[in-house]
Each structure stands twice: as C-alpha cells, then as structure tokens.
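Asks: Input: one structure, supplied below.
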Amino acid sequence: MAKIVVLDGYTENPGDLSWEGIEKFGDLTVYDRTSLTNENEIIARIGDAEVVLTNKTPITRRVIDACPGMKFISVLATGYNVVDYQYAKEKNIPVSNIPTYGTAAVGQFAIAMLLEICHHVAHHSQAVHEGRWETNQDWCFWDYPLIELADKTIGIIGFGRIGQTTGKIAKAMGMRVLAYDNFQSESGKAIGEYTDLDRLLAESDVVALHCPLFPETEGIINKETIGKMKDGVIILNNSRGPLVVEQDLADALNSGKVYAAGVDVVSTEPIKGDNPLLRAKNCIITPHISWAPKESRQRIMDMTADNLKGYFDGAPIHVVNM
C-alpha cells in the first residue's frame with residue numbers, strides 16, 4: 001500500500017472535515033504542521049512516502065533528492081511556488097495543484113472588505129454594545145463616513161475567475177466595472193470593460209487586486225501607481241501580499257491619498273510586527289482567510305482525492321510541471 005504524507009494539514013482541516021477520501025488511496029500520515037525552514041524535519045517526515053501533500057511546507061531540490069521514494073506531489077492550494085516544480089519535472093515527479101476551489105469565497109471576501117470599509121459595521125455594532133446608542137442624544141450616529149457604492153467605479157487588476165466573481169457582485173450593487181488583464185474573455189466582457197492599467201488607475205474609486213504573483217506584477221501597487229489614482233481611492237488585496245509595496249501603501253494611507261485599504265494577504269505570513277500596514281490609518285488586515293470557508297476547504301479535499309485518483313490511474317490531472 002502506498003505511503004501518503006500530509007505535511008501541514010491543520011489549516012485545510014482543523015477538525016471539521018474528514019481525510020477519509022484521501023485515506024482510501026494508501027497508508028496516510030497527517031501532520032498538522034511541519035517546519036517551513038527545517039529541511040531535515042521535512043525530509044524525516046516524508047521518509048519513503050510515495051505521495052506528498054503540502055500546502056505551505058517547501059519541497060526544495062534538497063528535499064526531493066533526499067526522498068527518492070517520492071513520486072507525486074499534490075499541493076493543497078492553487079499556488080505551487082512552495083515546490084521546486086521544475087526540478088521535480090527533471091526527476092519525473094508530477095506536481096498537481098487545486099485550481100478553482102475558492103473562486104466564490106475569495107470574490108465574496110473582497111466585497112466583504114469593501115463593505116466593511118464603506119460602513120464599518122463591526123465598529124458601529126461594538127459601539128452599540130458599549131452603550132453609546134443608548135446614551136446618545138440623537139436617534140442615530142456614525143463615527144466614519146458612510147459610502148454608497150452605486151455608480152462608483154471598481155477597477156479589477158486580474159480578471160480571471162476570481163476577478164470576474166468580484167466584478168459580478170460589484171456590478172449587482174450598481175458599480176461600473178473596469179478590468180485589466182493580459183487575456184480578455186467573452187465572460188469578462190459581459191461583466192466589465194477591459195482597459196489599460198493607466199486608465200483603470202485614473203478612473204477607479206476602488207482598485208481590487210486579483211492577479212497572480214509574477215515578476216511583472218510584483219509591487220504593481222507602489223508609489224508611482226498610487227500617484228496615478230484618484231485622491232481618496234480604496235485599495236483591496238486578497239490575492240498575494242507582494243503585489244503591494246507595503247511601505248508605499250502605508251504612506252499613502254497616512255497622507256490620505258488612499259482613503260482606506262483592505263488586505264487579507266501581506267508580504268510575509270504570518271505578519272511581522274514591523275509591517276508598516278499595522279500602523280497605517282484606515283487599514284483592515286485579516287489573516288489570509290479569504291480561501292477558508294468550510295465549503296472551499298471541502299472542495300480542496302475532494303479535488304485532492306481526484307488528483308490522487310488520477311495519479312494512481314496513471315493519468316495525473318491538474319499537473320503544473322509536465
């Protein structure tokens with residue numbers, strides 16, 4: 001029976017899901033967490049396993065060389081840069097990912113951050129629970145400007161499945177949708193208007209990031225691009241942290257050039273105490289949870305089982321390196 005190792009299963013399944021769909025393919029060992037930096041621990045835990053499942057635990061060249069029994073790697077996520085997939089290809093080890101599990105959840109979360117910025121629902125609820133409404137001399141109060149989104153423009157950088165999901169919700173609220181993407185689709189054209197980046201930056205009241213992290217997109221939100229935006233713009237990022245030059249965004253928030261930001265991802269995760277966004281004005285930061293509804297995590301589990309079935313049937317699917 002094939003040995004299967006999950007290196008960091010806790011975030012995928014903290015106890016509310018079942019590994020049963022994976023267990024049927026072999027002798028399964030699940031570790032909640034494995035060191036991200038101690039390669040000796042990673043190597044020891046993989047041992048002679050044939051199949052390795054990882055989310056954020058790195059599978060480097062050294063790990064691959066030290067574990068010659070490893071024949072298949074499946075990433076419990078869409079991003080697969082934690083694996084040296086090119087070297088895995090040289091060793092004839094297919095690497096599969098989970099391409100579409102969180103589309104609805106991530107688009108929903110982007111809009112959730114936007115609505116929180118516009119209404120500060122949690123803050124005002126807390127104020128009521130603290131007695132401020134009870135003792136207020138007026139019949140209502142608000143501590144932040146309340147923003148209506150109808151007829152405002154959202155510019156979405158990266159208009160694939162997730163970007164289009166965000167665009168659909170924004171459009172349903174009466175927003176005008178601009179999109180910037182290297183690849184245009186008919187489904188995208190039905191939601192918004194494709195345009196170049198400079199026009200998107202200049203005309204958008206809200207800028208949302210839904211693009212992958214590539215060399216050409218790293219730091220796409222920076223002092224220069226922020227300078228091209230409207231005064232008082234709102235910026236959302238629940239894609240990848242390094243898309244944003246965080247000091248530049250913090251400076252823009254503190255100066256008021258950017259009214260508010262909502263970020264679910266940062267450059268180093270978990271966040272470091274010296275991240276400038278922690279001390280920036282009007283910045284909502286959540287701990288990389290856009291992907292994490294139970295429904296999305298169940299899709300990861302189901303699609304991982306599909307990946308394993310494909311491998312054991314001799315026809316791997318969702319392969320990113322072959």
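Asks: Once you've got the GNM for the chain with C-alpha springs shorter than 10 Å, pick whichever of 19, 139, 291 has the biggest mean-square fluctuation.
Replies: Per the Cα network of the chain with a 10 Å cutoff, 139 tops the list.
Asks: In square angstrom, rounded to the nearest 10, how much accessible surface does residue 135 have for a 1.4 Å probe?
Replies: 110 Å²
Asks: What is segment 1-78's relative contact order, in percent, from Cα pairs under 8 angstrom and six or more apart in sequence?
Replies: 36 percent
Asks: Please calculate the 1.4 Å probe accessible area of residue 175, with all protein chains present, and give it to the nearest 10 Å².
Replies: 10 Å²
Asks: Going by the alpha-carbon gyration tensor, a ≥ b ≥ c the square roots of its eigenvalues, is segment 1-71 rounded (a/c under 1.5) or, if a/c is not under 1.5, prolate (a/b greater than b/c) versus oblate?
Replies: oblate
Asks: Using only the alpha-carbon atoms, what does segment 38-146 span along each of its principal axes? Please give whole angstrom values in decreasing order.
Replies: So the extents along the principal axes, rounded to whole Å, are 73, 27, 17.
Asks: Please compute the per residue accessible area over the chain with all protein chains in place, 1.4 Å probe, rounded to a whole number of Å².
Replies: 49 Å²
Asks: Can you put 279, 199 in order of accessible area, largest first, using a 1.4 Å probe?
Replies: Ranking 279, 199 by accessible area, largest first, yields 279, 199.
Asks: Now, a different point. Given the protein chains as shown and a 1.4 Å probe, how many square angstrom of residue 278 are accessible, to the nearest 10?
Replies: Result for residue 278: roughly 80 Å² accessible.
Asks: For Kirkwood radius over Cα pairs in Å, the listed values are (i) 19.8; (ii) 21.4; (iii) 24.7; which was obtained by calculation from the structure presented?
Replies: Only one listed value fits the structure, namely (ii).
Asks: Please arrange 169, 93, 43 by accessible surface area, largest first, computed with a 1.4 Å probe and ligands excluded.
Replies: Final ranking, largest accessible area leading: 169, 43, 93.
Asks: Right, here's the next one. Under a 1.4 angstrom probe, counting protein chains only, how are 318, 210 ranked by accessible area, largest first?
Replies: Putting 318, 210 in descending order of accessible area: 318, 210.
Asks: Using Cα-Cα distances under 8 Å and only pairs 6 or more residues apart, what relative contact order does the chain have, in percent?
Replies: 17 percent.
Asks: Moving to a separate point now. Share of segment 55-210's accessible area from carbon and sulfur, percent, 1.4 Å?
Replies: Here it works out to 51 percent.
Asks: On to the next question. Do any chymotrypsin sites (Phe, Trp or Tyr not before Pro) in segment 156-203 lie in a loop, going by DSSP, with at most 14 other beta-carbon atoms within 10 Å of their beta carbon, and if so which?
Replies: Sites meeting the loop and neighbour criteria: 183.
Asks: Express in nm, to one decimal, how much length is gained between residue 309 and residue 254 on full extension, taking 0.36 nm for each residue of separation and deducting their alpha carbon distance.
Replies: Extending this stretch completely gives an extra 14.7 nm.
Asks: Further question: Mind checking which of 127, 150, 179 has the largest fluctuation in a GNM of the chain, springs on alpha carbons under 10 Å?
Replies: Highest fluctuation of the listed residues: 127.
Asks: Where both partners of a DSSP beta bridge lie in the chain, what percent of those bridges are antiparallel, to the nearest 5?
Replies: DSSP beta bridges in the chain are roughly 5 percent antiparallel.
Asks: Enumerate the helices in the chain for which the Kyte-Doolittle hydropathy averages 0.0 or more and the C-alpha atoms extend at least 20 Å along the helix's axis, using complete DSSP H runs.
Replies: 103-119
Asks: What number, in percent, do you get for the relative contact order of segment 258-314 if the mean sequence gap of Cα pairs under 8 Å and at least 6 apart is divided by its residue count?
Replies: The normalised contact order for segment 258-314 reaches 36 percent.
Asks: Need one word for segment 130-221: rounded, prolate or oblate. Basis is the Cα gyration tensor (sqrt eigenvalues a ≥ b ≥ c); a/c below 1.5 gives rounded, then a/b vs b/c decides.
Replies: It is prolate, given that a/c is not under 1.5 and a/b is the larger ratio.
Asks: I would also like to ask the following. Counting only GluC sites (Glu not before Pro) that sit in a DSSP loop (anything but H, G, I, E, B) with at most 10 other Cβ atoms within 10 Å, what is the longest stretch of the chain containing none of them?
Replies: The longest uninterrupted stretch comes out as 1-129.
Asks: Compare 271, 221, 147 in a GNM of the chain, Cα atoms joined below 10 Å, and give the one with the largest fluctuation.
Replies: Its mean-square fluctuation being the largest, the pick is 147.
Asks: Evaluate E = 1/(1 + (r/R0)^6) for residue 29 and residue 268, where r is the Cβ-Cβ distance and R0 equals 30 Å; express this FRET efficiency to the nearest 0.05.
Replies: Between residue 29 and residue 268 the formula returns 0.55.
The values are calculated or read from the model by the stated rules, or taken from the named source; none is laboratory data. Not measured: the values here are computed from a predicted model. All Cβ positions, even for glycine, are placed from backbone atoms using ideal geometry, and neighbour counts span all protein chains on display. Please note that ligands, DNA and RNA were not included when accessible areas were found on the heavy atoms of the full protein model with its side chains. Shrake-Rupley method; radii C 1.70, N 1.55, O 1.52, S 1.80 Å.
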